[in-house]
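Asks: One structure, pasted below without further comment.
The values are calculated or read from the model by the stated rules, or taken from the named source; none is laboratory data. Remember, predicted model here, so these are calculated numbers, not experimental data. Reconstructed Cβ throughout: ideal geometry from the backbone, glycine too, with neighbour counts over all protein chains shown.
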Amino acid sequence: MNFQRLYEYRFRGIDQSVRTAVWDEIAPFVHGLMGSPQTVLDPAAGRCEFINAVPAAERWAVDQADYAERDADPGVRTMVADIMEADLPADHFDGVWVSNTLEHLLSQEQTAAFLERMRVAMTPGGRIAIMGPNFRYCAKEYFDCADHTLVYTHTSIAEHLYAAGFEPERIVPRFLPYSFRGRLPASPATTRLYLRSPLAWRLLGKQFLVIGRRTV
């Protein structure tokens with residue numbers, strides 16, 4: 001699948017500067033929920049919106065596609081590679097961010113292998129945060145995305161994390177809205193307000209956020 005063209009079409013008409021500004025709000029917020037890790041890996045970094053904005057001392061971005069729109073900060077170490085084959089140090093990262101990734105894999109076994117790969121790269125006690133569309137709340141539009149193959153809920157992600165050697169510490173069934181095409185988040189100001197309003201999550205959130213700690 002040509003992911004470059006796929007995402008060009010999906011985000012057609014969406015101002016990239018708005019996306020970047022919104023992630024400038026989301027990334028520090030999630031980073032705080034993770035316990036403010038200082039060595040952070042984004043294994044499916046895309047255009048680097050998250051990893052650019054996360055306030056960590058060491059930041060790594062990996063993606064198998066070399067997006068023309070990628071604009072990594074000079075301080076971000078970037079790699080174009082399949083995350084399962086990327087040259088990652090073991091026991092190194094105390095934070096891993098996985099956003100809208102697992103639903104693109106081809107099997108539950110691939111998901112398990114990916115999470116085990118992340119565990120090996122992480123320090124004991126390090127935290128992994130996984131965000132993705134919660135099928136329980138967005139079933140009607142879930143397969144409008146051509147690259148969605150697997151379905152997940154917050155419960156199934158927590159099970160996967162535990163099986164891979166993590167202890168799920170925070171499970172948020174409803175976190176962000178489904179996409180940038182929805183009503184929120186649409187700007188830095190509304191995003192900031194939304195993140196500070198858990199009641200709004202329960203009304204508008206269609207993506208889960210599950211945070212797990214490496215225990216084995």
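Asks: May I ask you to verify whether THR101 is β-branched (Val, Ile, Thr), farther than 21 Å from PRO55 by Cα, surrounded by 14 or more Cβ atoms within 10 Å (Cβ to Cβ) and at pLDDT 95 or above?
Replies: Working: β-branched (Val, Ile, Thr): yes; farther than 21 Å from PRO55 by Cα: yes; surrounded by 14 or more Cβ atoms within 10 Å (Cβ to Cβ): yes; at pLDDT 95 or above: yes.
The answer is yes for THR101.
Asks: Would you confirm, using the coordinates I've provided, whether TYR194 is aromatic (Phe, Trp, Tyr), more than 16 Å from the chain's Cα centre (by Cα) and surrounded by 14 or more Cβ atoms within 10 Å (Cβ to Cβ)? Write out each step before concluding.
Replies: On the way: aromatic (Phe, Trp, Tyr): yes; more than 16 Å from the chain's Cα centre (by Cα): yes; surrounded by 14 or more Cβ atoms within 10 Å (Cβ to Cβ): yes.
Yes, satisfied.
Asks: I've got another one for you. I'm checking my understanding of the structure. Among residues of the stretch 1-52 that are of a type in the set (Asp, Glu) and modelled with pLDDT of 95 or more, which one is surrounded by the fewest Cβ atoms within 10 Å (Cβ to Cβ)? Steps first, please.
Replies: Let us first name the residues in the stretch 1-52 that are of a type in the set (Asp, Glu), namely 8, 15, 24-25, 42, 49.
Pick out the ones that are also modelled with pLDDT of 95 or more and you get 24-25, 42.
Values: ASP24: 17, GLU25: 20, ASP42: 27.
Result: ASP24.
Asks: Being within 15 Å of the chain's Cα centre (by Cα), at pLDDT 95 or above and among the hydroxyl-bearing types (Ser, Thr, Tyr) is the requirement here; does THR123 meet it? If you could, list the steps in order and put the result at the bottom.
Replies: Working: within 15 Å of the chain's Cα centre (by Cα): no; at pLDDT 95 or above: yes; among the hydroxyl-bearing types (Ser, Thr, Tyr): yes.
Criteria not met by THR123.
Asks: Which ones in the stretch 188-213 are closer than 18 Å to THR101 by Cβ and either modelled with pLDDT under 95 or out of contact with any His (no Cβ under 7 Å at 6 or more places or on another chain) (or both)?
Replies: The initial filter retains those residues of the stretch 188-213 that are closer than 18 Å to THR101 by Cβ, namely 206-212.
Listed by number, the residues that qualify are LYS206, GLN207, LEU209, ILE211, GLY212.
Asks: What pairs come up if the first residue lies in the stretch 76-96 and is within 14 Å of ILE51 (Cβ to Cβ), the second is aromatic (Phe, Trp, Tyr) and at pLDDT 95 or above, and their beta carbons are under 6 Å apart, counting only those six or more places apart or on different chains?
Replies: Correct list of pairs: ARG77/TRP60.
Asks: Looking at TYR162, TYR137, TYR178, which is the one that is among the aromatic types (Phe, Trp, Tyr), touching a helix residue (DSSP H, G or I) at 6+ places or on another chain (Cβ under 8 Å) and not in a strand (DSSP E or B)?
Replies: Working: TYR162 fails: touching a helix residue (DSSP H, G or I) at 6+ places or on another chain (Cβ under 8 Å); TYR137 fails: touching a helix residue (DSSP H, G or I) at 6+ places or on another chain (Cβ under 8 Å).
That would be TYR178, the only listed residue that is among the aromatic types (Phe, Trp, Tyr), touching a helix residue (DSSP H, G or I) at 6+ places or on another chain (Cβ under 8 Å) and not in a strand (DSSP E or B).
Asks: Check whether at least one residue in the stretch 30-52 is under 30 Å from GLU141 (Cβ atoms), of a type outside the set (A, V, I, L, M, F, W, C) and over 17 Å from the mean Cα position of the chain (by Cα), and report yes or no.
Replies: So far as the stretch 30-52 goes, no, none of its residues is under 30 Å from GLU141 (Cβ atoms), of a type outside the set (A, V, I, L, M, F, W, C) and over 17 Å from the mean Cα position of the chain (by Cα).
Asks: Would you say ARG59 is more than 22 Å from PRO124 (Cα to Cα) and either over 14 Å from the mean Cα position of the chain (by Cα) or at pLDDT below 95 (or both)? Break it down stepwise before answering.
Replies: Values: more than 22 Å from PRO124 (Cα to Cα): no; either over 14 Å from the mean Cα position of the chain (by Cα) or at pLDDT below 95 (or both): yes.
No.
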